[in-house]
Amino acid sequence: MAFTVFYTVQINDAATEIFEAAGGKAVTTNHFFDEAGYIEELKELKPEAIMCRTEPVTAAMMDAAGPNLKVIGKQGAGLDNIDIAAATARKIRVVFAPGQNAQSVAEQTAFLMLACARRFHFVDRQFREGNYKIRFSLENTYELSGKTLGLVGCGRIGRMLATIAKNGFGMNVIGYDPFLKQEQLGDLITLVPTEDDVFRQADFVSLHTPLTPETEHSVGMRQFKLMKPTASLLNASRGEVVNEEELIQALKDGTLFGAGLDVTEKEPLPLDSPLYSLDNVVLTPHTAASTEQSVLRCCTTVAEDICSVVAGGDAKFPANKF
């Protein structure tokens, strides 16, 4: 059957090829992170499917697409950018790709940890400005061996990062996860009684929690003051989990030594954000899952489920029930 898929962003041809093989066509938006622009295009296209990454898919967008809309596909695992309740109320299936980007996110978080330990952003800027002698005066850089990585959330990505840290760098790994017991983690991660214990004990605290009303702004100055003065925060989960204003203040006043951020509270990060000018921050633009392998797995998984739902079948990875 003929059908149309609306991309809020198009990141890999593999999905388009799958749609075309099933008789569909894909249309890429002219508006990026622009709900009003999306709505105008959806009103005209009336697609059977929407495929997104981290861009918002709202109730108003679903209504603009009209009764043809059967499925929304997320090229990743986190679903906070999609109004799941609105989709469910409208009998619109939501599909996603759980676990398909976990290795890439874990590896990027390890990169951010290394960059913080070696003050990469500061050194890179000094070198580019002609200060080759920075190598002789560099202070406060550390080997990872023997340091402690603390995980807030010990799910699939957290465990992959723990494996890299422990087996690759010789680090100690502790974690807090109220949904797991020590016997489920073996000797890979040592669970601590409270989340505060992670912030107190770790040299690097890595956040691996979903964005929910309970976790939004759950990490802020109170936690930063618990951390060692030489410790760094790593976040490749969701930017809104962190109170960014308090993070900036902690980085400026020395409460927090450094931060490695793949996600920020507002995305794209506004050009006037103080984060750009801080030497103790390593920034990447939500690229943790943007490796060739991860993108291919996510796109293929979601595209196949979209085709199945449009054809009246079941999804392998449904995110909602009705």
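At 222 nm, what helix-only mean residue ellipticity would the chain give, in deg cm²/dmol to the nearest 500, using -39500 (n - 2.57) for each DSSP H run of four or more?
Dividing the helical sum by the residues of the chain leaves -10000 deg cm²/dmol.
Just to confirm the filter: which GluC sites (Glu not before Pro) across segment 243-322 are DSSP coil and have at most 12 other Cβ within 10 angstrom of their Cβ?
Sites meeting the loop and neighbour criteria: none at all.
For the chain, set up a Gaussian network in which alpha carbons nearer than 10 Å are linked by springs, and say which option among Gly158, Gly258, Gly24 fluctuates the most.
Gly24
Roughly what would the spin-label model give for Asp187 and Lys91, points 7 Å off Cα along C-beta, in nm?
If labels sit at Asp187 and Lys91, their model points lie 5.6 nm apart.
Straight-line reach from Lys91: which lysines have a Cα under 18 Å away, not including same-chain ones fewer than 8 places off?
Within the straight-line limit of under 18 Å, Lys91 reaches these lysines: Lys46, Lys70, Lys74, Lys316, Lys321.
As I understand it, the dipole of segment 102-283 uses +1 on the Cβ of Lys and Arg and -1 on the Cβ of Asp and Glu, about the Cα centre. Which of Ser277, Thr215, Leu114 lies farthest toward its positive end?
Farthest towards the positive pole: Leu114.
About the Cα centre, and with charges only on the beta carbon of Lys, Arg (+1) and Asp, Glu (-1), how big is the dipole of the chain? Nearest 20 debye, please.
640 debye
Under a 10 Å cutoff between Cα atoms, tell me which one of Lys25, Lys133, Lys252 has the largest fluctuation in the Gaussian network model of the chain.
Highest fluctuation among the options: Lys133.
Run the count for segment 102-283, please: Lys pairs, Cα-Cα under 16 angstrom, 8 or more apart or on different chains.
Close lysine pairs found across segment 102-283: 4.
Under a crude label model (7 Å from the Cα following the beta-carbon direction), how far is Lys228 from Thr163 in nanometres?
Label at Lys228, label at Thr163, 2.6 nm between them.
Where is the GNM fluctuation largest for the chain (alpha-carbon springs, 10 angstrom cutoff): Leu234, Leu79, Leu269?
Looking only at Leu234, Leu79, Leu269, the biggest GNM fluctuation is shown by Leu269.
Coordinate-derived values only; no laboratory data. All of these numbers come straight from a predicted model, not from anything done at the bench. FYI the Cβ positions are ideal-geometry reconstructions off the backbone, even for glycines, and counts take in every protein chain you see.
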